[in-house]
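A.B. asks: The structure that follows is given in the form of structure tokens.
None of the figures in this text is laboratory data; all of them are computed from the coordinates on show. These figures come from a predicted structure and were not determined experimentally.
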Amino acid sequence: MNYSHLTPDTAELMQASREERIEFCKQDRWVAYPKAREFVGMLDDLYNHPRTIRMPNYLLVARSGNGKSSILEHFARRYPSDVDAGGMPVLQVLHVEVPPDPTESSFYSAILWKMMRGHRERDSVTAKRQQTVAMLRQFQVRMLLLDEFNNIAEAGRSTRDLLATVRFLANDVKLGICAAGTATAINALNQDPQLKSRFQGYALPAWKLDRAYLQFLAAYEQVLPLALPSGLATREMATKLYALCGEAIGESVKLLKLAAAQAVRSGEERITVETLESVHWVAPTKWSDVAALI
């Protein structure tokens, strides 16, 4: 059968079992689009930036479900952990999620656990700070990716301490930092003008039913292991997807994962409007309809 509508790697997967293809449909995929590609390029430049007293930093801002975490995860995978000539582990890009209701102590713990460094949660902030700095240097970390940075804005009296901690790590270890979060993350930086002056903002706009959206759908279709073309970028399919999922690209991806798995399971081997309507899917804007059924 001709699988010219798929990438070569995805076409090879058509030899797999139905169960394996269903599992593949449910997995996260990296599909580059212009804004994501541009920002990843900026992060590459930051990675290669010489260590200086005032390292440049970025704040990636977007609404929930619009691809922030996917970009950070993709970038981190480009620089996997390694071992240097002396046999010591190297972890040059560290991706950490800021915990909910963070404190200075829990923030340091999140970094330490990400480096698989055991410690006692009740250790003093000073002890955790010293251990964190030592491990960042030992692992030769060049960049720190801070996801859910908006949680810092919601930390109450701890917000200023957390911002000071970020500034300290950037200065002391000379890290390049990329923070990502919703618009609330900007409010956090507004509380520390000195730190804010070191950040450049980058926004991922809400998606529209335009050329960029169609290009994304066409690219995503190429990595879905379906025997037949679905025509996701056609007027009928794209309009239906956008109507169901709205402006956050993450919602389109969620629905396509479910629909692709259903297409394999049913043997239809393509996504149709009927497939989109048949899967159990509740758009974020439709939760009131669910509540009305109770």
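A.B. asks: Within the stretch 34-203, what percent of beta bridges assigned by DSSP are antiparallel, to the nearest 5?
C.D. replies: Here the share of antiparallel DSSP bridges comes out near 10 percent.
A.B. asks: OK, next. Considering only DSSP beta bridges with both partners in the chain, what is the antiparallel share in %, to the nearest 5?
C.D. replies: The antiparallel proportion sits near 10 percent.
A.B. asks: I'd like the orientation of helix 211-221 relative to the chain: the angle between its Cα long axis and the longest Cα principal axis, in ° from 0 to 90, rounded to 10.
C.D. replies: Approximately 80 degrees, to the nearest ten.
A.B. asks: Please compare each pair in LYS128/LYS196; LYS26/LYS128; LYS68/LYS208 to a cut-off of 28 Å on the Cα-Cα distance and tell me which ones are over it.
C.D. replies: LYS26/LYS128
A.B. asks: Scaled to the compact-protein estimate 2.2 N^0.38 Å, what is the alpha-carbon radius of gyration of the stretch 174-294, rounded to two decimal places?
C.D. replies: 1.39
A.B. asks: Give the angle, between 0 and 90 degrees and rounded to the nearest 10, that separates the Cα long axis of helix 34-47 from the longest principal axis of the Cα atoms of the chain.
C.D. replies: In the chain, helix 34-47 runs at an angle near 30 degrees to the longest axis.
A.B. asks: What ratio of Cα Rg to 2.2 N^0.38 Å holds for the stretch 163-208?
C.D. replies: Numbers: Rg = 12.0 Å, N = 46, 2.2 N^0.38 = 9.4 Å.
Ratio of Cα Rg to 2.2 N^0.38 Å: 1.27.
A.B. asks: Would you kindly calculate the mean projected area, averaged across all directions, of the convex hull enclosing the Cα atoms of the stretch 9-48, in square nanometres?
C.D. replies: 4.0
A.B. asks: Provide, in order from the shortest bin, the percent of all Cα-Cα pairs of the stretch 34-203 in each 10 Å bin, continuing until the bin that contains the maximum pair distance.
C.D. replies: Using 10 Å bins, I get a P(r) of 10, 41, 38, 10, 1 for the stretch 34-203.
A.B. asks: Another question about this same structure. Cα axis of helix 235-245 to longest principal axis of the chain: angle in degrees, 0 to 90, nearest 10?
C.D. replies: Result, in degrees: 50.
A.B. asks: For the chain, what does the convex hull of the Cα positions come to per residue, in cubic angstrom?
C.D. replies: Measuring per residue, one finds 179 Å³ for the Cα hull of the chain.
A.B. asks: How compact and how long is the stretch 138-195, expressed as Rg and Dmax of its alpha-carbon atoms in Å?
C.D. replies: Taking only Cα atoms of the stretch 138-195, I get Rg and Dmax of 11.4, 34 Å.
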